[in-house]
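In what follows, a structure is listed as structure tokens, so that the remarks can point back to it.
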Amino acid sequence: MTDRAMTDRATSMLRAAPADTAGLRERLARDAEREGLVDVLFRAVDSPIGALVLAATGRGLVYVAFEVEDERAVLDMLASRIGPRVLRAQGRSRALDAAAAQIDEYLTGRRREFDLPLDTRLATGFRGEVQRHLTEVAYGRTATYKQLAAGLDRPGAVRAVGTACATNPLPLVWPCHRILRTDGGLGGYRGGLEAKRRLLAMESAG
Amino acid sequence: MRAPFDAAVERHGPTVLRVCRAVLGPGADADDAWSETFLSALRAWPELPEETNVEAWLVRVAHRRAVDVVRRSARAATPAGGADDVALLDGWVRGGARGTGTVDDDEPAGAGIWAAVAALPTRQRICVAYRYLGGLPYAEIAELTGGTEAAARRAASDGVAALREREECTP
């Protein structure tokens, strides 16, 4: 073997040495949260409607992403709209534990309403107004985009209400899945229509 | 930087851990240095210029944090910078660093290479780590470790030659 090849072999062994950082990343998230160094903590969780990404700031839950969304695009959005100190907290985290527990309870039929600190900074303008209004539609009930627009004294804003539902930063917690078309059609859902169908079926069964 | 910090942890975390293990030995000290490296980096992240070579920057931070870990454990007023840092790391390893030579049970494959790296003289070990793991240019390694660029180049090349010989002796 040539000298050069042996050098490459020695250095590539070094570069390929195992380096599992999972435990260290949990410790980093804990230390960073304790020292107030994070803009956003996030965690991936499994659920009956597919993997979810939960994101929280020091103020509370700020964004829920579905499996159909590109995680990297979601993190880029959070970094640009909230701040670049975005960190994964797969272990324990004050900001995320309660949200993860309540969403799990809800999706497994053990909870009907959420009682969580929320960071609503991604719900801005008229869309934000619509999104905050979503909790008026109770568990097991549905409303139409048109009814929601009328309820906000903006009967002509049906399309804008649809857009507000589609861009709801806190789905599940703010139940945009309960909003349907006037003709009974499902309308849209950021998490995909299959997820919307399953949520509605779960709620009407309970 | 406007990009999410987590992407840098994901992408460069393993490299920085290998650098810390090469410098301090695999164990609690390397873990502490890694943790403090990324905490410092997180603090500085929003102000870091977009054009920064993130990996090289993290390796420089890791060098300083590794020296901090040793300095704190040494509990002595010690001079800082360049060759003094290398002397400090040298004394540390000779004195029996905490956790040196032990690797997590789930990473048996790593034990051999770290033992070989630990057997190198300190300057060679550090230069190999910063050059071949961290990808730093020799001029920067010379700045971190004191001495000339040529000396850093020679130390890295002698270190790799020693690893190579050891490799040849291993069946």
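The values are calculated or read from the model by the stated rules, or taken from the named source; none is laboratory data. Source: prediction; values computed, not measured. Neighbour counts run over all protein chains shown; Cβ positions are idealised from the backbone, glycine included.
Among B:R18, B:R11, which is the only one that is within 19 Å of B:G135 (Cβ to Cβ) and either in contact with a Gly (Cβ under 6 Å, 6 or more places away or on another chain) or within 7 Å of chain A (Cβ to nearest Cβ) (or both)?
Result of the check over B:R18, B:R11: B:R18.
Tell me, which residue of region A:57-81 that is within 14 Å of chain B (Cβ to nearest Cβ) and buried (at least 20 other Cβ atoms within 10 Å of the Cβ) is farthest from the chain's Cα centre (by Cα)?
This residue is A:A79.
Surrounded by fewer than 22 Cβ atoms within 10 Å (Cβ to Cβ), of a type in the set (D, E), under 21 Å from B:C127 (Cβ atoms) and within 13 Å of chain A (Cβ to nearest Cβ), is that true of B:E36?
Against the criterion (surrounded by fewer than 22 Cβ atoms within 10 Å (Cβ to Cβ), of a type in the set (D, E), under 21 Å from B:C127 (Cβ atoms) and within 13 Å of chain A (Cβ to nearest Cβ)), B:E36 does not qualify.
Within the set of pairs 6 or more residues apart or between chains, which connect a residue that is among the β-branched types (V, I, T) inside region B:5-34 to a residue that is assigned to a loop (DSSP other than H, G, I, E, B) with Cβ atoms less than 6 Å apart?
B:V19/B:G134
Taking A:L134 as the residue in question, decide whether it is touching a Cys at 6+ places or on another chain (Cβ under 6 Å), touching a residue at least 40 places away in the same chain (Cβ under 8 Å) and buried (at least 16 other Cβ atoms within 10 Å of the Cβ).
Here the answer is yes, as A:L134 does meet what is asked.
Among B:A162, B:A151, B:A116, which is under 27 Å from B:A56 (Cβ atoms) and at pLDDT 95 or above?
B:A151
Give me a count of the residues in region A:191-206 that are assigned to a helix (DSSP H, G or I), more than 22 Å from A:D70 (Cβ to Cβ) and not aliphatic (A, V, I, L, M).
Number satisfying all stated conditions: 3.
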